[in-house]
Every structure is written in structure tokens, then in C-alpha cells.
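Below: the structure, in C-alpha cells.
The values are calculated or read from the model by the stated rules, or taken from the named source; none is laboratory data. The structure presented is a predicted model; accordingly, all values stated were derived computationally and were not measured. Because the Cβ atoms are built from the backbone with ideal geometry, glycine has one as well, and the counts that use them run over all protein chains shown. Remember, those area values only see protein heavy atoms, side chains included, never the ligands or the DNA or RNA. Shrake-Rupley method; radii C 1.70, N 1.55, O 1.52, S 1.80 Å.
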Amino acid sequence: MELIKDLLGVFGFIGDIYDNIKDFFLPKRPFAWQTLIYLSIFSWLMSSLSSGFVKSAIALCGWALLIAGTAWYTTENPVVIPSTNMPIGALVTGFLVSAFAFRESGQEITTRTIVFWPTISALITAIPEFFEGTGTEFSTQVPKIEERQKIIVLVAVCMVISCWLQFGFVVNKWLEEFPSLQTDNIKRTFVVTTEPQLSKTPRNGGLILGKLEPIVKEQIANRPWSEVEQWLKSGNARVNSLGREVIETSLREFDEKSLWRTEARISSLDQKNPDIYKLDLLSVWSGPTSTGREYYLRKTCRVEPVNVSSRSDQVLRVAEIACGRSSNRIIGSPPAL
């Protein structure tokens, strides 16, 4: 007998689950929130089989029915977020409204969907406070003072959250389009930090010097010394022109390419031997920084003449060039010419 009672209890438990599922999905009356949800699913199915204006019109109806059905269900069964007066249903409805309002072709969820979601949810929470009554019989009202305070605080907090979300997307877009900003301490612009920050080398700045070095070597190495001296006299203009070509080619996928430039500084390396030159190749960043000052990277090269013998046993002087590694960031403008 005990076994039969246990089996009946199990079957009864399963039957209760079945009844709950049936009550959830099958409306007890024709005009219910389930009806609106099913109509929205039917509308989307029909829109997938249509095209042109008809497709857009049916899809619009589907969105409207989905939002109305979701709002109806969450209003009948409100669950409030702890420590707030915002129902969780308002978040769901607010997300659907935001997704519908800011959707784009081929993309249902955009950055604006996320940004405006909190503010729209707060407004949806606040709207019922301005009406009283149920069903088709309702009238407008001015919320009580304590309710007004709650509404103002809730909307203000959600607007601040939206601003921070937008700020996060903007900064992330900056870092994608201007990756050299990642090497700067942008925290000191927006956030006060007590941790020491290590200086980093901008990848694109080093890339420019890395691509520029072999081009400069090609124009100098093993060339007659007299030609190289003439090249060095106009070295800054030559390096600037060569660097612009390197930047346009190597950084074409980045918006920051217009914020980089190349320069050169030529000086005598040995006072006793004025024929030995120091050639500094510079990649200069003139974009935004936390200090408000530009910075540059430097690659130092040594240029000097060497004697070589030709087939006619004549001694010729040709140029030899050797370059070191790129430096870390140097804050400030390059030395004057």
C-alpha cells in the first residue's frame, strides 16, 4: 500500500507540473498576454515569408505585440529588483523597446540598444505612477511626494548608468581606432590611481621605425660618400617623405595614421672625426595624451665612410650604416633642428 501511495504521489506531482505548464502556455481567456506573444511569433513567421514593405510592416506588428505581451505578463507578476522600486519585468520590457527602437539592418542589438536600456527601463517603471485605475478605466494623476523622489532617483541613476555605458563604448572605440592610446596612462585622465604605471612602447611607433630603417639603409649603405653627405644635408625632409609612405602603407587600417609623422636629426658623432655622423630616426606621436604633450620614439644610426678597393685598384669611400634598437617613449617634442 505504501508503494502505491508513493506512486500516486509521484503521478500527482507530475500532474501538477503539467497543469502549471498548461496554464502558463494556454490562456484561460482569448484576450491574454499569451495571445499577444503567440501573435508576435506568427507575425515574425509571416514576415520571414514576405519581402519589401509588407515584410517591414508585419515585423513592426510582431515587435509591438511582443513588447505588449511581455509588459502585460511582467505587470501581472511583478518581481522587484532588491533595494530598488524597479520591477525585473521593466528591465525585460525596456530591453525589447530599446532593441526595437535602435535596431539596424542585419543587427538587432547595437551599442545604442545597451546604452539606452537602463534609461528606458526606468521610464517604463515610472509611467504607471502617473495613472490610476485598471483596465480601460483609468485617469491621470500626479504621484505623491515620496513616489516622486523614488522616480527621480531611479531615472537619474539609470541615466548615469547609460552615460557610463556610452563612455565605455566610446573609449573602447578610441582604443580600436587609435591603438597607440593603450600605451598611455589614460587612467590618470578619468580615474585616480595610486599604482605606479610602467612606460610602454607604442606598437605602431616601433612599427614605423622598423619599416623605415631598411629603406634608409638601402639609400645610404655602400653608396659613394659624397652622395651620402648630400643625402644627410637634406635628411630630415627625406626621412619625413619616406616615413609618410611607410605610415600610409603600414597603418592604413588605423585612423591614427594621420597622427604619426617621422623626422630625422643629424649630428656629428665624433668631434675629432667629423665624417662620422649620428642619424636619429624619430617617429613622433602628435595625438591625444594624458599629459597634453606629444612624444616620440628614437632609433639611432651610425653613418661613417669606409675605404674599399675597386677593380682598378682605386680606393673608394663608401658609406656604412648601423642602427640600434628603438627607444621607449620620450615625452616632449623632438630636439630642434
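Values for this structure:
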| read-out | value |
| --- | --- |
| Residues being free of Cβ contacts under 8 Å to residues at least 24 places away in the same chain and either touching a Ser or Thr at 6+ places or on another chain (Cβ under 9 Å) or open to solvent by less than 40 Å² (accessible area, probe 1.4 Å) (or both) - total across the stretch 259-284 | 2 |
| From R252, R261, R238, residue being under 19 Å from G287 (Cβ atoms) and not in a strand (DSSP E or B) | R252 |
| Odd one out for S234 among (1) without any contact (Cβ under 8 Å) to a residue 12 or more places away in the chain; (2) touching a Pro at 6+ places or on another chain (Cβ under 8 Å) | (2) |
| Residue within the stretch 225-236 that is over 25 Å from L91 (Cβ atoms), at pLDDT below 85, open to solvent by less than 70 Å² (accessible area, probe 1.4 Å) and of a type in the set (V, I, T) present | no |
| The stretch 207-231: number of residues that are in contact (Cβ under 8 Å) with a residue 24 or more places away in the chain and within 14 Å of L281 (Cα to Cα) | 11 |
| Filter pass, D270 being assigned to a loop (DSSP other than H, G, I, E, B), of a type in the set (D, E) and either closer than 30 Å to T183 by Cβ or at pLDDT below 90 (or both) | yes |
| Sole residue being at pLDDT 90 or above and hydroxyl-bearing (S, T, Y), chosen from S327, S309, S283, S290 | S283 |
| Failed item in (1) farther than 17 Å from E177 by Cα; (2) touching a Gly at 6+ places or on another chain (Cβ under 7 Å); (3) open to solvent by 10 Å² or more (accessible area, probe 1.4 Å); (4) not acidic (D, E), with Y296 passing the rest | (2) |
